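Undergrad: Provided herewith is a single structure, encoded as structure tokens, for subsequent inquiry.
The values are calculated or read from the model by the stated rules, or taken from the named source; none is laboratory data. Everything quoted here is computed from the prediction, not taken from an experiment. Backbone-built Cβ (ideal geometry, glycine too); neighbour counts: all protein chains shown.
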Protein chains: 2
Amino acid sequence: MTNETNIPCGGGASARGDSSGCGVAGAEATGCDPVALDAELSALGKAARKAARRLGVLSGAVRNGALAAMAEALRRNTADICAANARDLAHGRSRGLSAPLLERLALTSARVESMARGLEDIAALRDPLGEVTGMWTTREGLRIGRLRVPLGVVGIIYESRPNVTADAAGLCIKSGNAVLLRGGREALATNTLLADLLARAAEAAGVPEGSVQMVASPHREATTRLMSLDALDVLIPRGGKSLKAAVRAFATVPILMTGMGNCHIYVDAGADIDRAVAVADNAKTSRPAVCNAAETLLVHADIAPDFLPRCLAVLAAKGVEIRGDARTRALFPAALPASEADWDTEYLDLILAVRVVDSLDEALDHIARHGTGHSEAICTESYGAAERFLREVDAAAVYVNASTRFTDGGVYGFGAEMGISTQKLHARGPLGVEQLTSTKFIAYGTGQIRTS
Amino acid sequence: MTNETNIPCGGGASARGDSSGCGVAGAEATGCDPVALDAELSALGKAARKAARRLGVLSGAVRNGALAAMAEALRRNTADICAANARDLAHGRSRGLSAPLLERLALTSARVESMARGLEDIAALRDPLGEVTGMWTTREGLRIGRLRVPLGVVGIIYESRPNVTADAAGLCIKSGNAVLLRGGREALATNTLLADLLARAAEAAGVPEGSVQMVASPHREATTRLMSLDALDVLIPRGGKSLKAAVRAFATVPILMTGMGNCHIYVDAGADIDRAVAVADNAKTSRPAVCNAAETLLVHADIAPDFLPRCLAVLAAKGVEIRGDARTRALFPAALPASEADWDTEYLDLILAVRVVDSLDEALDHIARHGTGHSEAICTESYGAAERFLREVDAAAVYVNASTRFTDGGVYGFGAEMGISTQKLHARGPLGVEQLTSTKFIAYGTGQIRTS
């Protein structure tokens, strides 16, 4: 989940507080006109805010109708979408994009159909808005409740997969939010067409103009400028380390950070070895490029002689490169030596770091030190170890005897997701429609005044 | 709720990305040693993180025992606390602090007793930790639930009132969070002693060392450096515009913004005039210096001739300065003319801006444009107007026929509060112990792997 194409221009010229945004140096380097860029983003933000005020009070029926119309628009224009995508692919090949990146970028009519069905699935979800999550009466007779409302304007920065354009637009419309989409430059033609089709279909179905907009500027600086656009109630950056660093440097709006997953499987002494092998295998190899895949295997010393040779043979046979500490390499000589840096690396590839530990405490310490708070699993038959692991590991999702790969909005029953939040504020784990809402207190009185 | 004493040193030297923190210019101006300051904050952060890991798994009984011990420590040391406070007051007088500021700073034995009782009240609240807010079983047989856990390390920046030191420490211990306290410089002696007493009492009761710490540096730069201290899971700035601006410029950690309240009372056509006068009077005059006090009165043109002269006479008799638009001044000639800036001013004083509007829509537009999303009230006898106001006003708390002054953790039944959040992410409204928590997903499996 790297986001190489969206890294900021960098340099002091873009430092916070410089209202010109991308600055002179950046402008020279990339041909970016900071004044025009500011004007573009400011206009998008203004339109989004205006749309959000009306969108937030539309009925669920209108929002669902818009989702159906958006799905239909994608289906009806499949040929055009694939043609735009072919232009992006040709451009990507000429720029030397890697095969996996091109594969993620590529759309087929089946993939367009799957995007359309995704929108219909979102329409079928329960309406998150309007729910009153609690209502009580104060001693003064004032009746107070908590009403679920949209966040307002949501920004999302994402990478090459164009399906995110439809998913993000769909989740935001469902939850009554206006959205500003900022996809990767390599998918510009595809995303521009998709956003246009989705916005026009939504508007025709009664959703206000400005509800779905794309930040179309080809300049990288637009991404960093988006991070300080006051109109945003929240920005969701979906990406890797470089995006996280840019957010840290440039963001002044509230952030929901997603996607960094340095996930561990810890195999405890006395674990069921067959199960543990299956869990480790699934967590590493079923889809190595995603954030809930495991990157490090920790094994208790008591079970390592029985478990490690078997487990690592299975993984090696599937092409996994093993990087082990000294004790691992003594048990599995084919392993390469692991360095300190391996414990902190999110490979997103068929590589696994392996370490033998002497206790559950040592495993917990390792995870506390190196984990990114995404998904962590223990394989154990010990009640006490299971409960300690669940309680003490500080992560969005903690598993006993199950693969870390389960951390997913779809699997959890939330429907599609905007990503997996690894922060503790607001929402942790899969970001579904409910996580795109806030609440407000509403109070019904009969003239109450405060006397205390 | 201004925070004049905590404004940053400002200037380019402190811009984000400058790792030296307060920078050379700031250092010259205030005698601040940036290296020493960084070392101090980094040590506090490290100790807090270490404490948080252990604090988060302590039983509720231990945390409540610590709160009782903290209360007792305050009672036992009342004389010393008042003596330290006398030093702050003397210093404040010599610096020419205003009378209201000195009044907020002053402690008496009764106020110390009230702080101690506050801690006992927090101990009596339901334990927010350990609650599982939902648990379900996936089709693979994996049982997943959402466990309520602490945020981790909480930072708070606040102003002269020393009771916040005890409240914040108490709320954080109750919710299993380590806390870094940054009070105003004018209360340094008082807060230093309070934090020391609270920390030592908590530790003696089994809470880990480092759970309650104060950022004691006398330099303003410590406040801005705190805004980018990685160890913080959240920073809660309690203050006014200058603090909000500093947060915008310097914060890189997640923020819960509190306290800005440009609150409105809208009196609709056909409102019950007696009730509306009582509500407007209470919202403006019962405690004008707090954030839930009303600052602007909007009145429908149809009711203005009956309502305004009566209401404004009541307020003027209580010493409220009225600043009205032309139509208000025509009905109440004693009013001063309001300028555009008045609609955006949080007076926190006995001043009220008044405007006559032609419709509910015009009132909603005014609030959308000038409100800070804190507390808003309508006085009306119209069902439709009440429901539209509740639905369409975007604020933490929206009232029908009741005073905005009700927005308060104690009144809402949440116990003490860290402040009133005016942002939509994570928590909106009073920040009680539950708002100082996060959740994590916990999953009980029997070897499940993901196959889809």
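Undergrad: I'd like to know if the stretch A:410-426 contains one or more residues that are farther than 19 Å from B:Thr137 by Cα, part of a loop (DSSP other than H, G, I, E, B), within 7 Å of another protein chain (Cβ to nearest Cβ) and more than 23 Å from the chain's Cα centre (by Cα).
TA: Scanning the stretch A:410-426 turns up no residue that is farther than 19 Å from B:Thr137 by Cα, part of a loop (DSSP other than H, G, I, E, B), within 7 Å of another protein chain (Cβ to nearest Cβ) and more than 23 Å from the chain's Cα centre (by Cα).
Undergrad: Kindly check whether there is at least one residue in the stretch B:164-181 that is in the same structural domain as B:Asp127 (by TED's automatic domain parsing), at pLDDT below 95 and touching a strand residue (DSSP E or B) at 6+ places or on another chain (Cβ under 9 Å).
TA: yes
Undergrad: Then there's this: Please work out if A:Ala397 is facing another protein chain (nearest Cβ under 7 Å) and aliphatic (A, V, I, L, M).
TA: Values: facing another protein chain (nearest Cβ under 7 Å): yes; aliphatic (A, V, I, L, M): yes.
Taking the combined requirement at face value, the residue satisfies it.
Undergrad: While we're on this one: Go through the stretch B:377-400 and report how many residues are farther than 20 Å from A:Lys50 by Cα and either in contact with a helix residue (DSSP H, G or I) (Cβ under 6 Å, 6 or more places away or on another chain) or part of a loop (DSSP other than H, G, I, E, B) (or both).
TA: Taking the stretch B:377-400 and keeping what is farther than 20 Å from A:Lys50 by Cα, we get B:377-387, B:397-400.
Next, only the ones that are either in contact with a helix residue (DSSP H, G or I) (Cβ under 6 Å, 6 or more places away or on another chain) or part of a loop (DSSP other than H, G, I, E, B) (or both) stay: B:377-382, B:385, B:398, B:400.
Looking only at that region, the number is 9.
Undergrad: Only one of (1) touching a residue at least 24 places away in the same chain (Cβ under 8 Å); (2) within 14 Å of chain B (Cβ to nearest Cβ); (3) touching a strand residue (DSSP E or B) at 6+ places or on another chain (Cβ under 6 Å); (4) of a type outside the set (S, T, N, Q) fails for A:Val247. Which number is that?
TA: So A:Val247 meets the others, but not (1).
Undergrad: Hey, among the residues in the stretch A:373-394 that are over 26 Å from the mean Cα position of the chain (by Cα) and within 10 Å of another protein chain (Cβ to nearest Cβ), which one's surrounded by the fewest Cβ atoms within 10 Å (Cβ to Cβ)?
TA: The first filter runs over the stretch A:373-394 and keeps only residues over 26 Å from the mean Cα position of the chain (by Cα), leaving A:379-388.
Right, trim to within 10 Å of another protein chain (Cβ to nearest Cβ) and you get A:379, A:386-388.
Values: A:Cys379: 32, A:Ala386: 21, A:Glu387: 13, A:Arg388: 17.
The selected residue is A:Glu387.
Undergrad: Considering each of B:Leu352, B:Leu297, B:Leu348 in turn, give the residue that is assigned to a strand (DSSP E or B), more than 12 Å from chain A (Cβ to nearest Cβ) and in contact (Cβ under 8 Å) with a residue 60 or more places away in the chain. Before the answer, list the steps.
TA: Values: B:Leu297 fails: in contact (Cβ under 8 Å) with a residue 60 or more places away in the chain; B:Leu348 fails: assigned to a strand (DSSP E or B).
Sole residue among the options that is assigned to a strand (DSSP E or B), more than 12 Å from chain A (Cβ to nearest Cβ) and in contact (Cβ under 8 Å) with a residue 60 or more places away in the chain: B:Leu352.
Undergrad: Here is a check on your reading of the model: is A:Leu350 at pLDDT 95 or above and in contact with a Pro (Cβ under 6 Å, 6 or more places away or on another chain)? Full working, then the answer.
TA: Working: at pLDDT 95 or above: yes; in contact with a Pro (Cβ under 6 Å, 6 or more places away or on another chain): yes.
Criteria met by A:Leu350.
Undergrad: Of the conditions (1) modelled with pLDDT of 95 or more; (2) assigned to a loop (DSSP other than H, G, I, E, B); (3) away from chain B (no Cβ under 14 Å); (4) touching a Lys or Arg at 6+ places or on another chain (Cβ under 9 Å), A:Asp302 satisfies every one except a single condition; which number is it?
TA: All conditions are met except number (4).
Undergrad: Now for a separate question. As an exercise: evaluate B:Arg126 against (1) in contact (Cβ under 8 Å) with a residue 12 or more places away in the chain; (2) in a loop (DSSP other than H, G, I, E, B); (3) not aliphatic (A, V, I, L, M) and give the number of the one condition it does not meet.
TA: (1)
Undergrad: Can you tell which of A:Val132, A:Val149, A:Val112 is farther than 18 Å from A:Ala66 by Cβ, of a type in the set (A, V, I, L, M, F, W, C) and surrounded by fewer than 13 Cβ atoms within 10 Å (Cβ to Cβ)?
TA: Details: A:Val149 fails: surrounded by fewer than 13 Cβ atoms within 10 Å (Cβ to Cβ); A:Val112 fails: surrounded by fewer than 13 Cβ atoms within 10 Å (Cβ to Cβ).
Every option except A:Val132 fails the conditions.
Undergrad: I need the full set of residues from the stretch A:309-332 which are buried (at least 20 other Cβ atoms within 10 Å of the Cβ) and not in a loop (DSSP other than H, G, I, E, B), in order please.
TA: Answer for the stretch A:309-332, where residues must be buried (at least 20 other Cβ atoms within 10 Å of the Cβ) and not in a loop (DSSP other than H, G, I, E, B): A:Cys311, A:Leu312, A:Leu315, A:Ile322, A:Arg323, A:Gly324, A:Thr328.
Undergrad: Mind listing whichever residues of the stretch A:265-280 are assigned to a helix (DSSP H, G or I) and either surrounded by fewer than 24 Cβ atoms within 10 Å (Cβ to Cβ) or in contact with a helix residue (DSSP H, G or I) (Cβ under 8 Å, 6 or more places away or on another chain) (or both)?
TA: Residues satisfying the conditions are A:Ile273, A:Asp274, A:Arg275, A:Ala276, A:Val277, A:Ala278, A:Ala280.
Undergrad: Please work out which residue is surrounded by the fewest Cβ atoms within 10 Å (Cβ to Cβ), limiting yourself to the stretch A:282-294 and to residues that are in a helix (DSSP H, G or I) and at the interface with chain B (Cβ under 10 Å from one of its Cβ atoms). Can you show your working first?
TA: Here is the first cut: in the stretch A:282-294, the residues in a helix (DSSP H, G or I) are A:282-285.
Subsequent filtering for residues that are at the interface with chain B (Cβ under 10 Å from one of its Cβ atoms) retains A:282-283.
Numbers: A:Asn282: 23, A:Ala283: 29.
Residue satisfying both the conditions and the ranking: A:Asn282.
Undergrad: Give the residue, chosen from B:Ser242, B:Ser228, that is more than 30 Å from B:Tyr347 (Cβ to Cβ) and assigned by TED's automatic domain parsing to the domain that holds B:Ser175. Give the steps one after another, and end with the answer.
TA: Working: B:Ser242 fails: more than 30 Å from B:Tyr347 (Cβ to Cβ).
Selected residue: B:Ser228, the only one of B:Ser242, B:Ser228 that is more than 30 Å from B:Tyr347 (Cβ to Cβ) and assigned by TED's automatic domain parsing to the domain that holds B:Ser175.
Undergrad: Then there is this: Given the condition small (Gly, Ala, Ser) and under 23 Å from the mean Cα position of the chain (by Cα), answer yes or no: does some residue in the stretch B:73-89 qualify?
TA: no
Undergrad: Return the pair list, or none, for Cβ contacts closer than 7 Å from residues in the stretch A:65-91 that are more than 23 Å from A:Asp121 (Cα to Cα) to residues that are crowded, with 17+ Cβ neighbours inside 10 Å and acidic (Asp, Glu), at least 6 apart or on different chains.
TA: A:Asp88/A:Glu186
To keep it simple, each residue is scored yes or no on (1) more than 19 Å from the chain's Cα centre (by Cα); (2) buried (at least 24 other Cβ atoms within 10 Å of the Cβ); (3) assigned to a strand (DSSP E or B).
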| position | (1), (2), (3) |
| --- | --- |
| A:Ile173 | no, yes, no |
| A:Leu194 | yes, yes, no |
| A:Gly206 | yes, no, no |
| A:Ala216 | yes, no, no |
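Undergrad: Let me ask something additional. Contact list please: Cβ distance under 6 Å, first residue in the stretch B:130-151 and in contact (Cβ under 8 Å) with a residue 24 or more places away in the chain and farther than 28 Å from B:Ala427 by Cα, second residue among the small types (Gly, Ala, Ser) and in a strand (DSSP E or B), pairs at least six apart or on different chains.
TA: B:Leu142/A:Ala402; B:Leu142/B:Ala443; B:Leu142/B:Gly445
Undergrad: Separate question: From the set of residues in the stretch B:427-446 that are within 7 Å of another protein chain (Cβ to nearest Cβ) and under 13 Å from the mean Cα position of the chain (by Cα), which is nearest to A:Thr437 (Cα to Cα)?
TA: To start, the set of residues in the stretch B:427-446 that are within 7 Å of another protein chain (Cβ to nearest Cβ) comprises B:428-429, B:438-446.
Imposing the further condition that a residue be under 13 Å from the mean Cα position of the chain (by Cα) reduces the set to B:428-429.
Values: B:Arg428: 11, B:Gly429: 15 Å.
Within the stretch B:427-446, the match that is nearest to A:Thr437 (Cα to Cα) is B:Arg428.
Undergrad: Kindly provide the set of residues from the stretch B:228-244 that are small (Gly, Ala, Ser) and crowded, with 24+ Cβ neighbours inside 10 Å, ordered by number. First the steps, then the outcome.
TA: Residues of the stretch B:228-244 small (Gly, Ala, Ser): B:228, B:231, B:239-240, B:242.
Of everything in the stretch B:228-244, just one residue is small (Gly, Ala, Ser) and crowded, with 24+ Cβ neighbours inside 10 Å, namely B:Gly239.
Undergrad: Same structure again: Considering only residues that are at pLDDT 95 or above, surrounded by 16 or more Cβ atoms within 10 Å (Cβ to Cβ) and outside any helix (DSSP H, G or I), which ones fall in the stretch B:356-372?
TA: Result: B:Val356, B:Val357, B:Gly371.
Undergrad: For the stretch B:250-281, enumerate the residues that are within 8 Å of another protein chain (Cβ to nearest Cβ) and hydroxyl-bearing (Ser, Thr, Tyr).
TA: B:Thr252
Undergrad: Follow-up. For the stretch A:209-224, how many residues are touching a strand residue (DSSP E or B) at 6+ places or on another chain (Cβ under 8 Å) and either on the phi > 0 side of the Ramachandran plot or not hydroxyl-bearing (Ser, Thr, Tyr) (or both)? Steps first, please.
TA: The initial filter retains those residues of the stretch A:209-224 that are touching a strand residue (DSSP E or B) at 6+ places or on another chain (Cβ under 8 Å), namely A:210-215, A:222-223.
With the extra rule that they be either on the phi > 0 side of the Ramachandran plot or not hydroxyl-bearing (Ser, Thr, Tyr) (or both), the set shrinks to A:210, A:212-215, A:222.
Result for the stretch A:209-224: 6.
Undergrad: Turning to a different aspect of this structure: Tell me, please, whether a residue that is away from chain B (no Cβ under 14 Å), in contact (Cβ under 8 Å) with a residue 60 or more places away in the chain and either touching a Gly at 6+ places or on another chain (Cβ under 6 Å) or surrounded by fewer than 20 Cβ atoms within 10 Å (Cβ to Cβ) (or both) can be found in the stretch A:333-344.
TA: yes
Undergrad: Which of the residues belonging to the stretch B:129-161 are in contact with an Asp or Glu (Cβ under 7 Å, 6 or more places away or on another chain), assigned to a loop (DSSP other than H, G, I, E, B) and within 14 Å of chain A (Cβ to nearest Cβ)?
TA: B:Leu151, B:Gly152
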